[in-house]
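Please read the structure below before turning to the comments.
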Amino acid sequence: MVTRSALIYLSRQEGLKEFATRFRPFKKITTRFVAGETIDEAIASIRQINAEGATASFDHLNESVSSASEAEKEVRQYLRILARIDETGIRSNVSIKLTQFGLDLDPELAYKNARRIVEDSARRGNFVRVDMEGSSVTQATLDIFKRLRGEFGLNDVGIVLQSYLRRTYDDAKELLKLPARIRICKGAYMEPPEVAFPDKKDVDDNYIRVMQLLLSSGIYHGVATHDPKMISATIDFVQKQGIGKDAFEFQMLYGIRRDLQRQLARDGYNLRIYVPYGKHWYPYFMRRLAERPANIWFVMKNMLKG
Ligand SMILES: Cc1cc2nc3c(=O)[nH]c(=O)nc-3n(C[C@H](O)[C@H](O)[C@H](O)COP(=O)(O)OP(=O)(O)OC[C@H]3O[C@@H](n4cnc5c(N)ncnc54)[C@H](O)[C@@H]3O)c2cc1C
């Protein structure tokens, strides 16, 4: 737990970010979790993922931009991604973070920027997933999502909920009334006990409760996890309820538990891989280390190898 807090703290340190992104050996190791720095590298990874029977979700790494012009660059990057998905015929949707479009600066700007992406994506018949970030922006993210969902269809835009948050079960019930397509995940940020369950067992129990609520709704949702216990609980539940394999999808992160990824695809489950790419990989990479401190040994071993 201490290691996790420390790594999440480090993920927010600008000075370290500067250092790490310039330090070559460190950069090399990130390829385990990040699909490269350019769209073309991400497309090559997605082709491979598609060939192995899974779909993908593009994530351009760059959270918490600090100016409207930076947010504008992000919008253009996503419009390019959507165009390239069409040109190349890869099977992928996109995931966006609202802080990337200016949420910390001005929620109205973030809404307008996100709207441009959803509009372009809907015109192309694609789908935009709004990622969920730290609890300081949960409500603002849900508010913007609800506005977008009011203007676009169920299959145009979806949202993410995190089972570590105490509010999530109620949020899921509310969102299902819209209705909305939801990705359930455990949550990757450091949160205080007032808003998030401090014990893993409670996070897991809540995950299963929310997963069951979602999968009973008849709407196509995403079950995002690498946890074999959450995966078995999902498979048991759908089998008992007679819910078809094509009624939902499992989702996993690029490079994590590839053994499980292959297994699920082989067993005929829909599987989507979240594919992050871009120069600003540092906070994302540090959160992946925080989830599994054993990954630090992987990093150190590879750094020593040079
Ligand atoms: C597709 C997808 C989208 C996501 N989107 C969001 C989002 O929008 N907002 C958000 O807050 N979080 C998001 N997350 C991250 C998520 O919240 C968790 O932090 C992350 O998935 C780890 O939780 P877990 O369910 O895998 O279970 P855990 O209990 O953390 O891990 C279970 C097992 O999975 C494996 N594992 C997990 N993480 C790692 C790792 N980093 N390296 C190696 N092995 C690992 C290990 O075998 C571990 O024992 C997303 C995750 C996925 C898969």
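The values are calculated or read from the model by the stated rules, or taken from the named source; none is laboratory data. Since the model is a prediction, treat every value here as computed from it, not as a measurement. Cβ placement follows ideal geometry from the backbone for every residue including glycine, while neighbour counts extend to all protein chains displayed. In case anyone asks, the SASA skips ligands and DNA or RNA and just uses the protein heavy atoms, side chains included. Shrake-Rupley method; radii C 1.70, N 1.55, O 1.52, S 1.80 Å.
At an R0 of 25 angstrom, the distance between the Cβ atoms of Asp246 and Glu174 translates into a FRET efficiency of 0.40. All alpha carbon pair distances within the range 151-306 were sorted into 10 Å bins beginning at 0; the resulting P(r) in whole percents reads 9, 36, 36, 15, 3, 0. Extension gain for Asp205 to Arg123 (0.36 nm times residue separation, less C-alpha to C-alpha distance): 25.7 nm.
In the range 149-234, carbon and sulfur make up what percent of the accessible area (probe 1.4 Å)? It is 55 percent, rounded to a whole number.
Put His60, His280 in order of accessible area, highest first, and with a 1.4 Å probe you get His280, His60. DSSP finds beta bridges in the chain, and of those with both partners inside it, around 5 percent are antiparallel. For the set Glu191, Glu133, the ranking by accessible area, highest first and with no ligand, DNA or RNA atoms included, is Glu191, Glu133 under a 1.4 Å probe.
Placing +1 on the Cβ of every Lys and Arg and -1 on the Cβ of every Asp and Glu, with nothing else charged, gives the range 139-253 a dipole about its Cα centre of roughly 180 debye. Glu41 sits with roughly 90 Å² accessible to a 1.4 Å probe, with DNA, RNA and ligands left out of the calculation. Distance from the Cα centroid of the range 87-153 to that of the range 216-251 is 24 Å (rounded to whole angstrom). Pairwise inverse Cα distances across the range 92-202, averaged and inverted, put the Kirkwood hydrodynamic radius at 14.3 Å. Shape analysis of the chain yields a ratio of the Cα radius of gyration to the Kirkwood radius, Rg/Rh, of 0.93. Translational diffusion of the range 66-122, estimated by Stokes-Einstein from the Kirkwood radius over alpha carbon pairs at 20 °C in a medium of 1.002 mPa s, is 186 µm² per second. For the range 190-243, the equivalent ellipsoid derived from the Cα gyration tensor has semi-axes of 23, 12, 9 Å, listed largest first. Accessible area per residue for the chain is 45 Å², calculated with a 1.4 Å probe on protein heavy atoms, without ligands, DNA or RNA. Within the shell of other residues whose beta carbon sits under 14 angstrom from the beta carbon of Asp259, the net charge comes to +1, with Lys and Arg scored +1 and Asp and Glu -1. Extending 7 Å from the Cα toward the beta-carbon at both Gln77 and Leu109 defines two label points whose distance is 1.6 nm.
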